[in-house]
Amino acid sequence: MDGFQNPYTNSALNYTFYLPYSGQIIDIDNIEIPTGVIGNIPKYSVQDWYSTPKQLGANISSPALLGACGYNCTGYDNAYLVNRAAGGPYDWREKGPVAQLASPFSGIQLDIYSDQDAFQLYTCNTMNGMLHRYCRSRASLTR
């Protein structure tokens, strides 16, 4: 969303994220297989994206997030239920998107409209961008 123009960071963890209809999460085991349990997300917890928009990295170092995305993983790789009808009939023209992502640097905001029942959030915060450069250099070597 910043087009690699942000001189302060290449990370997306400073982007603001919001899931206004997602107060529940699909529970996973330590290898990220869904357990079949639907969990309620406590308001203002590390998994809460529905109460108010917050930065993707706001809780990234929180001990409560350790293991949230699988064994020994700190970050987000989770499916959140999208319960649009909780407040009555849902009409996207009136109630807005199921997810929003915004960059404070560029001012660009992405509004996501969907008829799906879940939204997967993956922050990829353990990657440092080297894979992207590696893949690009490997592609040029194979030509």
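The values are calculated or read from the model by the stated rules, or taken from the named source; none is laboratory data. Fair warning: this is a prediction, and the values are worked out from it, not measured in the lab. No Cβ is skipped: glycine too gets one built from the backbone with ideal geometry, and neighbour counts run over all protein chains shown.
One residue is enough: does the stretch 86-109 have a residue meeting the conditions modelled with pLDDT under 95, among the small types (Gly, Ala, Ser) and not in a loop (DSSP other than H, G, I, E, B)?
yes
Looking at VAL37 and the list (1) over 29 Å from ASN10 (Cβ atoms); (2) surrounded by 13 or more Cβ atoms within 10 Å (Cβ to Cβ), which single condition is not satisfied?
Result: VAL37 fails condition (2) only.
Under 8 Å by Cβ, and 6 or more places apart or on different chains, what pairs join a residue from the stretch 104-126 that is under 19 Å from ASP48 (Cα atoms) and touching a residue at least 24 places away in the same chain (Cβ under 8 Å) with one that is outside any strand (DSSP E or B) and of a type in the set (Val, Ile, Thr)?
Cβ pairs passing all conditions: ASP117/VAL82; ALA118/VAL82; PHE119/VAL82; PHE119/VAL98; THR123/ILE60; ASN125/ILE60.
Can TYR80 be described as within 19 Å of LEU101 (Cα to Cα) and outside any loop (DSSP other than H, G, I, E, B)?
On the way: within 19 Å of LEU101 (Cα to Cα): yes; outside any loop (DSSP other than H, G, I, E, B): yes.
Yes: the conditions hold for TYR80.
Quick one: which residue in ILE38, ILE26 is in contact with a Leu (Cβ under 9 Å, 6 or more places away or on another chain) and in contact (Cβ under 8 Å) with a residue 60 or more places away in the chain? Give the steps one after another, and end with the answer.
Numbers: ILE38 fails: in contact (Cβ under 8 Å) with a residue 60 or more places away in the chain.
Testing whether each residue is in contact with a Leu (Cβ under 9 Å, 6 or more places away or on another chain) and in contact (Cβ under 8 Å) with a residue 60 or more places away in the chain leaves just ILE26.
If you scan the stretch 54-101, which residues turn out to be among the basic types (Lys, Arg) and either in contact (Cβ under 8 Å) with a residue 60 or more places away in the chain or out of contact with any Gly (no Cβ under 9 Å at 6 or more places or on another chain) (or both)? Give the steps one after another, and end with the answer.
Here is the first cut: in the stretch 54-101, the ones among the basic types (Lys, Arg) are 54, 84, 93, 95.
Passing the criteria: LYS54, ARG84, ARG93.
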